[in-house]
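Everything on this sheet refers to the single structure shown next.
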Amino acid sequence: MKMKRLAGMSAIAVAVSLGFNGLAKADYNYATSLVVNSAPGATSISNTATGATVVFGGTTVTLTNVARTGFTVPGANTIDIGDIAVTTTTVAPGSDTFSINYTDTFNLTNVPPPGTAATGSFPLTGTLTFTGINTGSGVTTNVYNLPNSASGVLGGITFTGQTLNFASPTVNGAPGSLGGLISSEAPPPGVPAPASIVMLGLGLCGASLVRFRNRLARV
């Protein structure tokens, strides 16, 4: 008797789990697009589909787009929203000092379930300053402009994105990055999907069958 009841309760538990687990997870992707708005005194500026390049004297700055996939809802993640590389042929005691005004367009894609497939974007702007750049040294700083955050509902999921930090590149060495933070919040549990409803129904039918057999056994 106890085993039959346990089997019935297990059937219900499995059905409920199948009915609601689909609402607890979703994946989202993001991609960024960097362009240079201006660089006073620059020798050349080139914006392409994959980023931007600025040349000032003997120094070249390359801004590269970033794309990532497979983040989970709900959750919060620190992210890379743009990579920066600095190379130069300027030899000390000479140096290059200049600034770059940029726009970094943040594109976000929700991949259901839950919610629906949707894509949205918002722009971030800032200024990179390069001081005393030569083959032996240099200082790079970044200032994000306001507003530096945005929040909204995308495909039924609430997303919030904001600028966070800056990792300075090494001259003629490792690239740096523009940093951000993105958080996602799933909607409250709603009506299960049709397939989940079927599984829940099967679980309830299994429990009813166990009760019916128990009644027959008592007669």
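The values are calculated or read from the model by the stated rules, or taken from the named source; none is laboratory data. Worth saying up front: this structure is predicted, and the values here are computed from it rather than measured. With ideal geometry, Cβ positions are generated from the backbone for all residues, glycine too; neighbour counts draw on all protein chains shown.
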note = Note on segment 101-153: residues within 16 Å of V171 (Cα to Cα) and either surrounded by 15 or more Cβ atoms within 10 Å (Cβ to Cβ) or touching a residue at least 60 places away in the same chain (Cβ under 8 Å) (or both) are L128, F130, G132, I133, N134, T135, G138, T140, N142
note = Those strands (runs of 3 or more DSSP E) completely within segment 124-219 that have 3 or more residues that are farther than 30 Å from V54 by Cβ and modelled with pLDDT of 75 or more are 149-154, 157-167, 176-185
request  = Examine segment 91-98 for a residue that is modelled with pLDDT of 95 or more and closer than 24 Å to R68 by Cα, and state whether such a residue exists.
outcome  = no
request  = Among the candidates S46, S38, single out the residue that is farther than 30 Å from I157 by Cβ, of a type in the set (S, T, Y) and in contact (Cβ under 8 Å) with a residue 40 or more places away in the chain.
outcome  = S38
ask   = Looking at G120, is it more than 14 Å from I81 (Cα to Cα), at pLDDT 95 or above and touching a strand residue (DSSP E or B) at 6+ places or on another chain (Cβ under 8 Å)?
value = no
